[in-house]
1. Is it true that some residue in region 241-248 is in a helix (DSSP H, G or I), open to solvent by 20 Å² or more (accessible area, probe 1.4 Å) and within 16 Å of ligand 1 (Cβ to nearest atom)?
2. Within the group Lys299, Lys245, Lys260, which residue is among the charged types (D, E, K, R), away from ligand 2 (no atom under 16 Å from the Cβ) and under 23 Å from the mean Cα position of the chain (by Cα)?
3. Of Asn410, Asn380, Asn425, Asn375, which residue is in contact (Cβ under 8 Å) with a residue 60 or more places away in the chain and assigned to a helix (DSSP H, G or I)?
4. Can you tell me which residues in region 308-365 are within 11 Å of ligand 1 (Cβ to nearest atom), open to solvent by 10 Å² or more (accessible area, probe 1.4 Å) and assigned to a strand (DSSP E or B)?
5. Among the helices (runs of 4 or more DSSP H) confined wholly to region 1-106, which include 1 or more residues that are of a type in the set (A, V, I, L, M, F, W, C) and either free of Cβ contacts under 8 Å to residues at least 40 places away in the same chain or surrounded by fewer than 14 Cβ atoms within 10 Å (Cβ to Cβ) (or both)?
6. Taking into account only those residues within region 213-240 that are among the aliphatic types (A, V, I, L, M) and not in a helix (DSSP H, G or I), which is farthest from Asn410 (Cα to Cα)?
7. Filter region 161-175 for residues that are near ligand 2 (Cβ under 6 Å from one of its atoms), in contact (Cβ under 8 Å) with a residue 60 or more places away in the chain and either closer than 7 Å to Ala347 by Cβ or touching a Pro at 6+ places or on another chain (Cβ under 6 Å) (or both) and give the result.
8. Just need a number here: residues in region 249-276 that are open to solvent by 10 Å² or more (accessible area, probe 1.4 Å), more than 16 Å from ligand 1 (Cβ to nearest atom) and not small (Gly, Ala, Ser).
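The values are calculated or read from the model by the stated rules, or taken from the named source; none is laboratory data. Here the structure is a predicted model, which is why all the values come from computation and not from measurement. We place every Cβ from the backbone using ideal geometry, glycine too, and count neighbours over all the protein chains shown. SASA here: full protein model, heavy atoms, side chains in, ligands and nucleic acids out. Shrake-Rupley method; radii C 1.70, N 1.55, O 1.52, S 1.80 Å.
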Amino acid sequence: MSTNQTRHILIQTYGCQMNVYDTEIMWRLLHPLGYRAAASEKTADIILINTCAIREKAEQKVFSFLGRLALLKQNRPQLIIGICGCIAQNQGKTLIQRSPCIDFVVGTHALFQLPSILDRVWNGQHRQKVYVDFEDHLIDVDLDHSPIMNTDISGFVTIMRGCNNYCAYCVVPYVRGREMSRPSDNIINEIKHKVSKGMREVTLLGQNVNSYGKREGMVSFSALLAEVNEIKDLLRIRFTTSHPKDLDMDLMDAFANLEKLCAHIHLPVQSGSDQILKRMNRKYTRKEYLAKIDRLKNKCPDISITSDFIVGFPGETREDFDDSLSLIRDVEYDSLFAFQYSDRDIAPASQFFPKVDDKIKRDRLIELLDVQSKNTLKRNDRCIGQCHSVLVEGKSKRDTDQWTGRTSGNKIVNFIAPETTNNLNAFLVDVFIEEACAHSLRGYLCHMK
Ligand code: 5AD
Ligand code: SF4
């Protein structure tokens, strides 16, 4: 494609941070070729949907958006519609049969072929639908040649893709493929590049970061963290997600030893019942999980701990659910995400019985969130009267007199500073916490570092 030809593209992203990062890659591939962001669906030449298949609700959102686009396309038949991401991988060609408004489908591992696919589609052949399947050589196309235009103060960098764990409820191993780690040099270069453009906090992404490099015999995850810790002008490091079974002593030590590593870990437990954990194929027991939580708290007493829970997994009894509630009370999570179990055809648990009634699932979700809301308030209250280091990310959207940022423990803080204060963006500042709310803290600026 010649660079003087502008094509307007809208990329609609659903799902996790991994998808957000993939959308960023798409822009990095497409921008140098003259593609520009469309202001709206109406002005777009191409609409690309980066899809999520993790739960039924996530899929429903994509299909209702697609329904809207089908109507739009009736009036503008030249509009090109593409599907990528996890639903694309999972449903492939059948998507085109189901929704004829779709022009092309790109599986997750064919991401880097997007420019050539779009060219084919654009150059008139696009009424022959394009479908591109799984490619095994995704992992490290050299991103150094795709420029980073700008970056947020807090940004993502993927360190590995895929998952080998096969939890019984989960589609990820099927739609994202086997675990593959990026070489550490590429990761470090990308972070340095982003830091040169203004990023100050990086979140390292992977479905199971603890097993980084194991398959390829590369450096361990804790060694990678130590390397990232040395990057000049980078102020903070976060990572997500960790699998409890792979959380090792080295990583726990990193919380005590690496000054840039934030005091927060997302350690999804999914259930507090051993019976359910076994059926989920999580490969740890409640006792083992709790022992790791204790060790983490010993290494880093201020650590924030967050988690994911599934309620209503097939066979979950009231006793099993009570075990989840008691685990939540024991750990005192800072916050958590909870989901009603939903059947995914390709995941083994879709064949597990007995299913839990929808109403019971809904009630359990409400009950669980209620127990956690007390923990969240208690954990947030503990911050009152303390000074917390906050990385400033801008002015608060609700109240533009206030600045906003997050603590090392990942809590949102809105705070006031004297009017004469210089621009605080991207600085680490100390904030005195005066008030704790359900989802954020409030305070005032003590001093800048
Ligand atoms: N049903 C409900 N929740 C699910 N998750 C993954 N698969 C399912 C499913 N089939 C949740 C898990 C996971 C999070 C990303 O989504 O809690 O940690
Ligand atoms: Fe899914 Fe389990 Fe892999 Fe997480 S560890 S992505 S829940 S299979």
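1. Yes, because at least one residue in region 241-248 is in a helix (DSSP H, G or I), open to solvent by 20 Å² or more (accessible area, probe 1.4 Å) and within 16 Å of ligand 1 (Cβ to nearest atom).
2. Lys260
3. Only one candidate passes the filter, namely Asn380.
4. Matches in region 308-365: Asp308, Ile310, Leu336, Phe337, Ala338, Phe339, Gln340.
5. Here the list reads 56-75, 86-91, 94-98.
6. So the first thing to find is which residues in region 213-240 are among the aliphatic types (A, V, I, L, M), and the list is 218-219, 223-226, 228, 231, 234-235, 237.
This time we only want the ones that are not in a helix (DSSP H, G or I), so: 218-219, 231, 234-235, 237.
On the way: Met218: 29, Val219: 27, Ile231: 21, Leu234: 17, Leu235: 14, Ile237: 11 Å.
Top of the filtered list is Met218.
7. Quick first cut of region 161-175, residues near ligand 2 (Cβ under 6 Å from one of its atoms) only: 163, 165-167, 170, 172-173.
Those left that are additionally in contact (Cβ under 8 Å) with a residue 60 or more places away in the chain: 165-167, 170, 172.
Result: Tyr166, Cys170.
8. Number satisfying all stated conditions: 12.
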